[in-house]
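The values are calculated or read from the model by the stated rules, or taken from the named source; none is laboratory data. Bear in mind that the values here come from a model prediction, so they are computed numbers and not experimental data. Cβ placement follows ideal geometry from the backbone for every residue including glycine, while neighbour counts extend to all protein chains displayed. Quick note on the areas: whole protein, heavy atoms, side chains included, nothing else; ligands and nucleic acids left out. Shrake-Rupley method; radii C 1.70, N 1.55, O 1.52, S 1.80 Å.
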Amino acid sequence: MPPDGPAVDMLDPVVQNYGDLRDPYSGYVAGREAGVVHEDHLNVKVFRAYRYTDVERILRDNVTFSARINGELMRPFLGETILEMDGSRHQQARGLIAHPFRPKVVASWEERLIRPTAHEVIDHFASRGSAELVREFAWQFPVRVFAKLLGVPLTDYEAWGRWAIDLERLSVDWDRGVAATGEVHDYFAPIIEARRAEPNGDFVSELVHAELEGERLPEGLIHGFIRLLIPAGQSTTYRLVGTLILAMLTHPEQLEAVRADRSLVPSAVDEALRWEAPVQFAAREANTDTEIAGVPIPKGSAVTSVLGSANRDETRYEDPDRFDITRAHQGHVAFGEGPHLCLGAHLARLEAQVALNVMLDRLPDIRLDARDTDPHWVGWAFRSPTTVPVVFTPN
Ligand code: HEM
């Protein structure tokens, strides 16, 4: 046992999601009735917006609502990232960083990289006839996709996964966050150097050689972006994959429909994103005195958009708490909205779609293991299932 007590299981979703909260959604109903809920937090006024229309407006209006507040927490670890930038500086940096996320580039990874990786992960447990899919699939699959995208050798997957956790949980474990920051920097410095000298078409090469109006990304932003991608790309996607699979398995009639008609898979993915948004909040700061839902917001206040609440707004969605893949699609804000709309949305959707398709191809009679009677979702800032125990015919 380590000197500081029992080892924490960092893959435990309760640990990762900052708590064991099963149901934030009933509390969000009162939030939507009030429109905005306010509290003082360490001398800062914090306003939480719960309604879809308010969340959409806040995230679209980056003149009234600045993203710089994102830098306060992240900068010591991630350096400057696009998440904290506003205006033309954000636009320019995003234009450069968006290079490797162009739909054509992402689509080219599907057959070459994403699908084979899903098979490779399932190979590890397919002959066993049972698995716990949070740890054995939902976590392993995006770790491997991402590490391969960035050209990280197979043997370094474990370190990669640990960095993702340590960087995401930096607000609760500062020392581990700092250590991970240094390790990621040292790890990628020679890779960046090598790709600068000799691009090989991989993700880092794209990033290092991206050019917009004669400008290239400064070294610091390249490192910051890679550090941001580790938690942004890994931990979110793993939550989505776990949520999608558990949602399908707990709604067998909808699973049957998907089995019979795979063209329903993209709707299933977007309904999972709406229903259990992996990231529940987006933070902004009021640049001027303003109002939301009739509530005055003084300049300098922190304004939190509650994405998980907006996605269940009863004025937008009929019966919003129901998981329903046949719902006429009205979008959602699980990837944010406006200028900071998630850059990895296309990749995350594709990974989740491939995950479900390959799972159904490889394990056609997959079902929940009745011995575990309580798989469920937890989390406050992030949401994901605790476990997804399954059984199937071994192959
Ligand atoms: C299900 C998976 C994902 C979810 C739910 C998610 C969620 C989000 C949200 C809510 C934002 C906006 C934050 C804000 O406005 O303050 C965001 C931004 C971002 N995401 Fe994602 N994300 C996911 C996957 C990914 C992936 C796979 C990548 C990269 C490969 C990625 C990279 C980014 C980046 C770079 C930004 C910042 C964009 C900007 O500031 O302009 N995300 N994401």
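Whenever a residue of region 367-392 is over 16 Å from ILE245 (Cα atoms), its partners that are small (Gly, Ala, Ser) and at pLDDT below 95, lying with C-beta atoms within less than 7 angstrom and at least six residues away or across chains, give the pairs GLY379/GLY19; TRP380/GLY19.
Against the criterion of being part of a loop (DSSP other than H, G, I, E, B), of a type outside the set (D, E, K, R), at pLDDT below 95 and within 15 Å of the ligand (Cβ to nearest atom), GLY300 does not qualify. Scanning region 108-154 for residues that are within 16 Å of the ligand (Cβ to nearest atom), aromatic (Phe, Trp, Tyr) and over 15 Å from TYR238 (Cβ atoms) yields a single hit, TRP109.
Just the residues that are small (Gly, Ala, Ser) and either touching a Phe, Trp or Tyr at 6+ places or on another chain (Cβ under 6 Å) or surrounded by fewer than 23 Cβ atoms within 10 Å (Cβ to Cβ) (or both), please, taken from region 233-253. Show your work before the answer.
Filtering region 233-253 for residues small (Gly, Ala, Ser) gives 233, 235, 242, 247.
Within region 233-253, GLY233, ALA247 qualify.
Applying the selection to region 167-191, what residues are in a helix (DSSP H, G or I), touching a residue at least 60 places away in the same chain (Cβ under 8 Å) and surrounded by 15 or more Cβ atoms within 10 Å (Cβ to Cβ)? Outline the logic, then answer.
Of all residues in region 167-191, those in a helix (DSSP H, G or I) come to 167-168, 174-191.
Checking the rest, the ones that are also touching a residue at least 60 places away in the same chain (Cβ under 8 Å) come to 167-168, 177-178, 180-181.
Result: LEU167, GLU168, GLY177, ALA180, THR181.
Scanning region 175-188 for residues that are more than 22 Å from the chain's Cα centre (by Cα) and farther than 20 Å from TYR157 by Cβ returns a single hit, ASP175.
Which ones in region 67-94 are more than 8 Å from the ligand (Cβ to nearest atom), open to solvent by 30 Å² or more (accessible area, probe 1.4 Å), touching a Leu at 6+ places or on another chain (Cβ under 9 Å) and assigned to a helix (DSSP H, G or I)? Those that are more than 8 Å from the ligand (Cβ to nearest atom), open to solvent by 30 Å² or more (accessible area, probe 1.4 Å), touching a Leu at 6+ places or on another chain (Cβ under 9 Å) and assigned to a helix (DSSP H, G or I): LEU73, MET74, PRO76, GLN92.
Restricting attention to region 192-221, and to residues there that are part of a helix (DSSP H, G or I) and open to solvent by less than 30 Å² (accessible area, probe 1.4 Å), which single residue is nearest to MET85 (Cα to Cα)?
Of the residues in region 192-221, the ones part of a helix (DSSP H, G or I) are 192-197, 203-209, 219-221.
Filter once more, keeping what is open to solvent by less than 30 Å² (accessible area, probe 1.4 Å): 192, 203-205, 207-208, 221.
Values: ILE192: 23, PHE203: 22, VAL204: 22, SER205: 24, LEU207: 18, VAL208: 20, LEU221: 12 Å.
This residue is LEU221.
Within region 341-363, restricting attention to residues that are near the ligand (Cβ under 6 Å from one of its atoms) and open to solvent by 30 Å² or more (accessible area, probe 1.4 Å), the residue that is nearest to ARG274 (Cα to Cα) is CYS342.
Could you grab me the full set of residues in region 293-321 that are closer than 23 Å to VAL265 by Cα, open to solvent by 40 Å² or more (accessible area, probe 1.4 Å) and free of Cβ contacts under 8 Å to residues at least 24 places away in the same chain? Across region 293-321, the qualifying residues are GLU318, ASP319. In this structure, ARG128 does satisfy being open to solvent by 10 Å² or more (accessible area, probe 1.4 Å), under 23 Å from PRO13 (Cβ atoms), in a loop (DSSP other than H, G, I, E, B) and out of contact with any Asp or Glu (no Cβ under 6 Å at 6 or more places or on another chain). Cβ-Cβ distances below 7 Å connect the following pairs, each with a first residue in region 220-244 that is charged (D, E, K, R), a second residue that is near the ligand (Cβ under 7 Å from one of its atoms), and a separation of six or more residues or different chains: ARG239/PRO278. Select from region 95-104 the residues that are assigned to a helix (DSSP H, G or I) and within 11 Å of the ligand (Cβ to nearest atom) and write down the one among them that is surrounded by the fewest Cβ atoms within 10 Å (Cβ to Cβ). Among residues in region 95-104 that are assigned to a helix (DSSP H, G or I) and within 11 Å of the ligand (Cβ to nearest atom), the one surrounded by the fewest Cβ atoms within 10 Å (Cβ to Cβ) is GLY95. The helices (runs of 4 or more DSSP H) found wholly in region 229-290 and carrying at least 1 residues that are within 13 Å of the ligand (Cβ to nearest atom) and among the aromatic types (Phe, Trp, Tyr) occupy 236-249, 265-275.
Within region 206-228, restricting attention to residues that are over 27 Å from ARG176 (Cβ atoms) and within 16 Å of the ligand (Cβ to nearest atom), which residue is nearest to the chain's Cα centre (by Cα)? Taking the candidates together, the pick is GLU206.
Can you tell me which residue within region 320-340, out of those that are of a type in the set (Gly, Ala, Ser) and within 14 Å of the chain's Cα centre (by Cα), is nearest to the ligand (Cβ to nearest atom)? Reasoning before the result, please.
Let us first name the residues in region 320-340 that are of a type in the set (Gly, Ala, Ser), namely 328, 331, 334, 336, 338.
Going one step further and asking which of them are within 14 Å of the chain's Cα centre (by Cα), we end up with 334, 336.
Details: ALA334: 5, GLY336: 3 Å.
Top of the filtered list is GLY336.
For region 365-376, the tally of residues that are at pLDDT 95 or above and either open to solvent by 30 Å² or more (accessible area, probe 1.4 Å) or within 13 Å of the ligand (Cβ to nearest atom) (or both) stands at 3. Look at region 265-282: where a residue is closer than 13 Å to ALA355 by Cα and a partner is part of a helix (DSSP H, G or I) and open to solvent by 10 Å² or more (accessible area, probe 1.4 Å), sitting 6+ places away or on another chain with Cβ atoms under 8 Å, you get VAL265/GLN353; VAL265/ASN357; PRO266/ARG349; PRO266/GLN353; ALA268/GLN254; VAL269/ARG349; VAL269/GLN353. Quick check on region 53-63: of everything there that is of a type in the set (Val, Ile, Thr) and out of contact with any Lys or Arg (no Cβ under 9 Å at 6 or more places or on another chain), which residue is farthest from the ligand (Cβ to nearest atom)? Filtering region 53-63 for residues that are of a type in the set (Val, Ile, Thr) and out of contact with any Lys or Arg (no Cβ under 9 Å at 6 or more places or on another chain), the one farthest from the ligand (Cβ to nearest atom) comes out as VAL63.
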